[in-house]
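Chemist: To start, I am sharing the structure in question, which I have written as structure tokens.
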Amino acid sequence: MYKVNGGCHCGNIRLELELTSAPATYRPRACDCDFCRKHAAAYISDPGGSLVIRIRDSRELRRYRQGAGLAEYLFCASCGVFVGVVYSDEGKLYGAVNARAVGTGEAFGPEQVVSPKQLSADEKSRRWRDIWFAKVEVQAASASK
């Protein structure tokens, strides 16, 4: 397993990824929908890996749903960085991270443009279950300081 870390600019949201292959073998998926293009998002995920999202101050976590409203996009309210997206299905959490919020020290492969906006809601959720991290844990510290 390859351990990779990332997160938002201010450090409120930290990402811990375990990838089954070297980072350079992953091609971030640059979605062509308006939301993802405006955020310059390109996604990394690994269904055989794992993702831990650590939130220091949950009051500074913002969640946004767009399109079909199935997935939650995660932002830091303090620094504004879009870190990733999660989707819950039958009590199981799936996720993908914005490659630009990951500092690997090694480059990911070249981006590839994808068009999930062409998919139905059922096709999107099936795709997410197939290619996103299937082992996802969100750890939020207390909101009180």
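The values are calculated or read from the model by the stated rules, or taken from the named source; none is laboratory data. Note that the structure is a prediction, hence the values are computed from the model and not measured. Methodologically, a virtual Cβ is constructed for each residue, glycine included, from the backbone with ideal geometry; neighbour enumeration extends over all protein chains shown.
Chemist: Go through segment 89-111 and count every residue that is modelled with pLDDT of 90 or more and on the phi < 0 side of the Ramachandran plot.
Modeler: Number of matching residues: 16.
Chemist: May I ask you to list pairs of residues, at least six apart or on different chains, whose Cβ atoms are under 9 Å apart, with the first in segment 38-58 being touching a residue at least 40 places away in the same chain (Cβ under 8 Å) and the second being among the acidic types (Asp, Glu) and in a loop (DSSP other than H, G, I, E, B)?
Modeler: As it stands, the answer is ALA42/GLU111, since those pairs meet every condition given.
Chemist: Let me ask another. Could you tell me whether segment 44-62 includes any residue that is among the β-branched types (Val, Ile, Thr) and assigned to a loop (DSSP other than H, G, I, E, B)?
Modeler: No, every residue in segment 44-62 fails to be among the β-branched types (Val, Ile, Thr) and assigned to a loop (DSSP other than H, G, I, E, B).
Chemist: Looking at ALA68, ALA40 in this structure, which one is more than 21 Å from ASP130 (Cα to Cα), in contact with a helix residue (DSSP H, G or I) (Cβ under 7 Å, 6 or more places away or on another chain), of a type in the set (A, V, I, L, M, F, W, C) and not in a strand (DSSP E or B)?
Modeler: The match here is ALA40.
Chemist: OK, next. Do any residues in segment 64-79 that are acidic (Asp, Glu) have Cβ atoms under 8 Å from those of residues that are part of a strand (DSSP E or B), where the two are at least six apart or on different chains, and which pairs are they?
Modeler: Partner pairs satisfying both residue conditions: GLU72/ARG63; GLU72/TYR64; GLU72/VAL85; GLU72/VAL86; GLU72/TYR87.
Chemist: Further, regarding this structure: Against the definition (hydrophobic (A, V, I, L, M, F, W, C) and either in a loop (DSSP other than H, G, I, E, B) or within 12 Å of the chain's Cα centre (by Cα) (or both)), how does ALA24 come out, yes or no?
Modeler: So ALA24 does not fit the description; no.
Chemist: How many residues are among the polar types (S, T, N, Q), surrounded by fewer than 16 Cβ atoms within 10 Å (Cβ to Cβ) and at pLDDT 85 or above when one looks only at segment 121-145?
Modeler: The number of residues fulfilling the criteria is 1.
Chemist: A follow-up question, please. Anything in segment 77-111 that is more than 23 Å from ASP46 (Cβ to Cβ) and either buried (at least 18 other Cβ atoms within 10 Å of the Cβ) or in contact with a Pro (Cβ under 6 Å, 6 or more places away or on another chain) (or both)? List them, or say none.
Modeler: If the condition is that a residue be more than 23 Å from ASP46 (Cβ to Cβ) and either buried (at least 18 other Cβ atoms within 10 Å of the Cβ) or in contact with a Pro (Cβ under 6 Å, 6 or more places away or on another chain) (or both), then SER78 is the only one that fits.
Chemist: Right, here's the next one. Residue by residue through segment 52-69, note down the ones that are crowded, with 16+ Cβ neighbours inside 10 Å and either among the aliphatic types (A, V, I, L, M) or under 17 Å from ARG37 (Cβ atoms) (or both).
Modeler: Listed by number, the residues that qualify are VAL52, ILE53, ILE55, LEU61.
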